[in-house]
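Trainee: Questions regarding the structure given below will be posed in turn.
Just so it is clear, none of the values below were taken in a lab; they were calculated from the coordinates. As the structure is a prediction and not an experimental result, all values here were calculated from the model. Don't worry about glycine lacking a Cβ; one is built from the backbone with ideal geometry, like all the others, and counts go over all protein chains shown.
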Amino acid sequence: ERLPRTIGAGVGYRSEDGPVLRAFWEHRNILGAGERLRIEAETSQILQRLEAQLLKPDIFIPDLDLLGGGSLRREETDAFDSLSARANIGVERRFSNRLTGSAGIAYRLSRVQDKEDDDEDTFGLLSVPFGLRYDASDDLLDPTTGFRIRTETAPTWDTLNPSTTYVKNRIVGTRYFRIHNDPRLVLGLRAAAGAIVGASIDDIPADERFYAGGGGSIRGVPFQTAGPLDGDTPTGGRSVLEASAEVRYQLFESLEGALFLDGGSAFEDEWPQFDDAWQFGTGVGVRYLTPVGPIRFDVAVPVDKRKGIDDAYQLYISIGQAF
């Protein structure tokens, strides 16, 4: 039997928010029936987060888990300032080794200041999130073949403003091709889309809207700036489209080089508009391959630099591939 407790930590760096520190504490079998308690903390210049989740496995039937927990979160971005508390409970069902589904209920109380007009509002968002994940890739942290698809839908009601209801949807897909085995040459593709339907953009809290740009989205384009802007202030959108392509080539046994192109935008309309201008970023990176996944260093530049908005370059350092 494994030791029941684990601690871990990680560090990264992004131009958009500087150093990023993460830590967790996990206790397995905490109640004697395979339960798992995990407490995580994260801090950076724009985000401070504390979260706790308890998983109780195999309730009623095998492979049906009960999950519950809560979080405290503070964000300070160019688009909004947000302070929120969230509680959730739900179930997760493993239909196979590759397919997992989840459903639950969550409540989030938040105070949000929209930087576009400096208005501050309080929201009490009751949501019923559910989703599906299908993972046919060959490795969790360093995939070289296969694909992944993740879908999320969350009908949401604002209990403090009863006239506001909407449904937030998002789908993300990735595909990996091993073009050559030795030395390893891999092509990775990623596409993501999202839409919020049922409410006007002014009724949707600023921290619930879609944004594009930055690490994990469009590298080389500053955080949240690929989309609607009021001057240089991001206003967010009700929909988003993103696409990425990355070629990874193994230079040495433990060193890999990468060349990538990312593009996309957020949109004010409920559905993405293909005639609106996209923002693109491109760059190069290196990955140091370790037994726990690659350590990633990327440097990216905007393809069409906007004066007063885009920087000359952006840096991203973390553990794991970009996607």
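Trainee: Could you sort 100-106, 206-212 so that the peptide with the highest average Cβ count within 10 Å comes first and the rest follow in order?
Mentor: Details: 100-106: 16.0, 206-212: 25.3.
Top of the packing list down: 206-212, 100-106.
Trainee: I've got another one for you. Rounded to the nearest 0.05, what FRET efficiency is calculated for V128 and D202 with R0 set to 30 Å and r the Cβ-Cβ distance?
Mentor: Numbers: r = 23 Å, r/R0 = 0.78.
Once the sixth-power term is evaluated, E becomes 0.80.
Trainee: Can you compute the label reach from V284? Point 7 Å from Cα along the Cβ direction, backbone N cut-off under 19 Å, restricted to the stretch 162-197.
Mentor: 184-188
Trainee: A further question follows. I'm spelling it out carefully: the read-out is Rg and Dmax of the Cα atoms in Å, the candidates are (1) 31.0, 121; (2) 20.3, 60; (3) 27.0, 85, and one was derived from this structure. Which label?
Mentor: This structure yields the entry labelled (2).
Trainee: Please give the peptides 251-257, 162-168 ranked by average Cβ packing (other Cβ atoms within 10 Å per residue), highest first, as a rough proxy for protection.
Mentor: Details: 251-257: 13.0, 162-168: 15.6.
Most protected by this proxy first, the peptides run 162-168, 251-257.
Trainee: Related question: Please give the charge dipole size of the stretch 51-201, origin at the Cα centre, charges +1 on K and R Cβ atoms and -1 on D and E Cβ atoms. Round to the nearest 20 debye.
Mentor: Values: 19 positive and 23 negative charges, 172 e Å.
Around 820 debye, computed over the stretch 51-201.
Trainee: What is the magnitude of the charge dipole of the chain about its Cα centre, with +1 placed on the Cβ of each Lys and Arg, -1 on the Cβ of each Asp and Glu, and no other charges, expressed in debye to the nearest 20? Before the final figure, lay out the partial values.
Mentor: Details: 36 positive and 50 negative charges, 319 e Å.
Value, rounded to 20: 1540 debye.
Trainee: Please name which of P19, L132, L64 has its Cα lying farthest along the dipole of the chain towards the positive end, using unit charges on Cβ (Lys, Arg +1; Asp, Glu -1) and the Cα centre as origin.
Mentor: Checking the options against the dipole of the chain, the answer is L64.
Trainee: Which order do peptides 78-84, 230-236 fall in by mean Cβ count within 10 Å, highest first?
Mentor: On the way: 78-84: 20.0, 230-236: 17.6.
So the order, starting with the most tightly packed, is 78-84, 230-236.
Trainee: Can you give the FRET efficiency to the nearest 0.05 for S102 and S254, using r as the Cβ-Cβ distance and R₀ = 41 Å? Please report the intermediate quantities before stating the final value.
Mentor: Working: r = 36 Å, r/R0 = 0.88.
According to the calculation, E is roughly 0.70.
Trainee: If you don't mind, another one. Compute the relative contact order of the chain as a whole-number percentage, counting only Cα pairs closer than 8 Å that sit 6 or more residues apart in sequence.
Mentor: Values: 921 pairs, mean separation 35.6, N = 323.
That works out to 11 percent.
Trainee: Shifting gears a bit: Placing unit charges on C-beta atoms (Lys and Arg positive, Asp and Glu negative, everything else neutral), compute the dipole magnitude of the stretch 93-152 about its Cα centre in debye, rounded to 20.
Mentor: Working: 9 positive and 12 negative charges, 150 e Å.
With only Lys, Arg, Asp and Glu charged at Cβ, the dipole is about 720 debye.
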